[in-house]
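Engineer: I am attaching a structure below and will ask some questions about it afterwards.
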Amino acid sequence: MASLGRMPNAEKIDGNLVDVSTVAARHQTGGTKRGNGQTSSFHGRPIRPHSGRGRAARSATEGAPCQIAAAHLNILKPAIAAAMALFLSACVPPAHGDFERPRPSVFHDDFLPLVGRVAAEHRREPASDFDYTDRERELRSRSWALLMPQQQEQYFQRWLAEMRRTRIMSVEDTVPSRSDYVKELLSQNYRSSDGRFARLEMDIRNDRVRFPEFISVANIVAEFDKVRERSLNRTTDLKPEERQYAIGRIEENRLLTITVQKSMRARADIYRYALERLVIETPGDAAIGAEQELIALERDLGTSGAPPAHLVVGK
């Protein structure tokens, strides 16, 4: 079978580039050992809205034409910033580093998240000015490969996913198209038609490796968020903004984890859609391995009727 070329399946571990598909067998579908198989309150509570410090100021502008016009301009700012960020990001092709995300840069690590924070506050979503812990940074880095489209050639989908990752656009506004993935598979020239099934199987296997690793870090972050939340009631001279930012960071972490879980369910649906189309167009024995891997992924996510194998149980 011909080489499939560079795949987004490599991660740096201890400074070495490793094909994650070769270590899939090391991870059991049981996921983390903690929990009792029930979805925790981490997913049960609704996201708490941002406190909206500007409500009083906005109500005071009623009846003043100039101030109303200024308020309307503020409403447009997140949309303008999102458009600018999308345009600029399209001009800057990302160089990949750890976890297949762009290498550290001011644009990806500072500018886009800043614009996203403004947009999130405008949507009344939780936001925080606190510095990230090491685990929180790792959580965001590991989320990259699970939010990005499976093929690098899906350029528009990649930048749409970046808008979702940095919260410039909401999850609901960045639902991936399930037809784009199979279109890219069918548009590439393979010496053997089985090469497409091999690529599909590899992508699914990589997700099965990356997802439990993400959930493992999410559990650690959730445990420390419990500590953070309990500490709020014991901290002396706690300022209102400190409480707001602490709660905002807790909810940001929850929102990211939920977003990744939604993304994984969408990816499983994309894989199922692609498998069915490939079987129609280029049926072959290689489809068996891809289908078996997909069934295992659906079982891991709990989309096949079985309870999910990987849960955030720390909160």
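Engineer: Of the numbered conditions (1) within 22 Å of Glu251 (Cα to Cα); (2) in contact with a helix residue (DSSP H, G or I) (Cβ under 6 Å, 6 or more places away or on another chain); (3) of a type in the set (Val, Ile, Thr), Val182 satisfies every one except a single condition; which is it?
Structural biologist: Against the list (1) within 22 Å of Glu251 (Cα to Cα); (2) in contact with a helix residue (DSSP H, G or I) (Cβ under 6 Å, 6 or more places away or on another chain); (3) of a type in the set (Val, Ile, Thr), Val182 comes up short only on (1).
Engineer: Only residues that are small (Gly, Ala, Ser), without any contact (Cβ under 8 Å) to a residue 60 or more places away in the chain and within 24 Å of Leu256 (Cβ to Cβ): list them for region 285-315, please.
Structural biologist: Gly302 - this is the single residue of region 285-315 that is small (Gly, Ala, Ser), without any contact (Cβ under 8 Å) to a residue 60 or more places away in the chain and within 24 Å of Leu256 (Cβ to Cβ).
Engineer: Considering (1) among the small types (Gly, Ala, Ser); (2) under 25 Å from Glu276 (Cα atoms); (3) not in a helix (DSSP H, G or I), say which one Ser170 fails and leave the rest.
Structural biologist: Of everything listed in (1) among the small types (Gly, Ala, Ser); (2) under 25 Å from Glu276 (Cα atoms); (3) not in a helix (DSSP H, G or I), Ser170 misses just condition (2).
Engineer: Mind checking which residues of region 159-173 are of a type outside the set (A, V, I, L, M, F, W, C) and either surrounded by fewer than 19 Cβ atoms within 10 Å (Cβ to Cβ) or more than 30 Å from Gly116 (Cβ to Cβ) (or both)?
Structural biologist: Across region 159-173, the qualifying residues are Ser170, Glu172, Asp173.
Engineer: A further question follows. Identify, from the list Leu200, Leu311, the residue that is over 24 Å from Leu139 (Cα atoms) and either crowded, with 22+ Cβ neighbours inside 10 Å or touching a strand residue (DSSP E or B) at 6+ places or on another chain (Cβ under 8 Å) (or both).
Structural biologist: The unique qualifying residue is Leu200.
Engineer: Identify, by number, the condition in (1) within 22 Å of the chain's Cα centre (by Cα); (2) without any contact (Cβ under 8 Å) to a residue 60 or more places away in the chain that Asp237 doesn't meet.
Structural biologist: Among (1) within 22 Å of the chain's Cα centre (by Cα); (2) without any contact (Cβ under 8 Å) to a residue 60 or more places away in the chain, Asp237 violates only (1).
Engineer: Looking at the structure I just gave you, is Lys262 basic (Lys, Arg), more than 16 Å from the chain's Cα centre (by Cα) and modelled with pLDDT under 95?
Structural biologist: Here the answer is no, as Lys262 does not meet what is asked.
Engineer: A further question on this structure: Name the residue that is nearest to the chain's Cα centre (by Cα), counting only residues in region 134-165 that are hydroxyl-bearing (Ser, Thr, Tyr) and modelled with pLDDT of 80 or more.
Structural biologist: Checking each candidate, the answer is Ser143.
Engineer: For region 261-304, enumerate the residues that are hydroxyl-bearing (Ser, Thr, Tyr) and either assigned to a helix (DSSP H, G or I) or over 25 Å from Ala161 (Cα atoms) (or both).
Structural biologist: Ser263, Tyr271, Tyr273, Thr282, Ser304, listed by residue number.
Engineer: Is it the case that region 94-106 has a residue that's more than 24 Å from Asn206 (Cα to Cα), part of a helix (DSSP H, G or I) and at pLDDT below 85?
Structural biologist: yes
Engineer: Further question: Scan Arg265, Arg272, Arg299, Arg254 and give me the residue that is surrounded by 20 or more Cβ atoms within 10 Å (Cβ to Cβ) and closer than 28 Å to Pro176 by Cβ.
Structural biologist: Arg254
Engineer: Given the criteria under 30 Å from Ser128 (Cβ atoms) and touching a residue at least 60 places away in the same chain (Cβ under 8 Å), does Arg267 qualify?
Structural biologist: Judged against the criteria, Arg267 is a match.
Engineer: Could you check how many residues of region 255-283 are closer than 18 Å to Trp144 by Cβ and touching a Phe, Trp or Tyr at 6+ places or on another chain (Cβ under 7 Å)?
Structural biologist: Of the residues in that region, 3 qualify.
The values are calculated or read from the model by the stated rules, or taken from the named source; none is laboratory data. Since we're looking at a predicted model, the values are computed, not measured. Cβ atoms come from the backbone with ideal geometry, glycine included; neighbour counts cover every protein chain shown.
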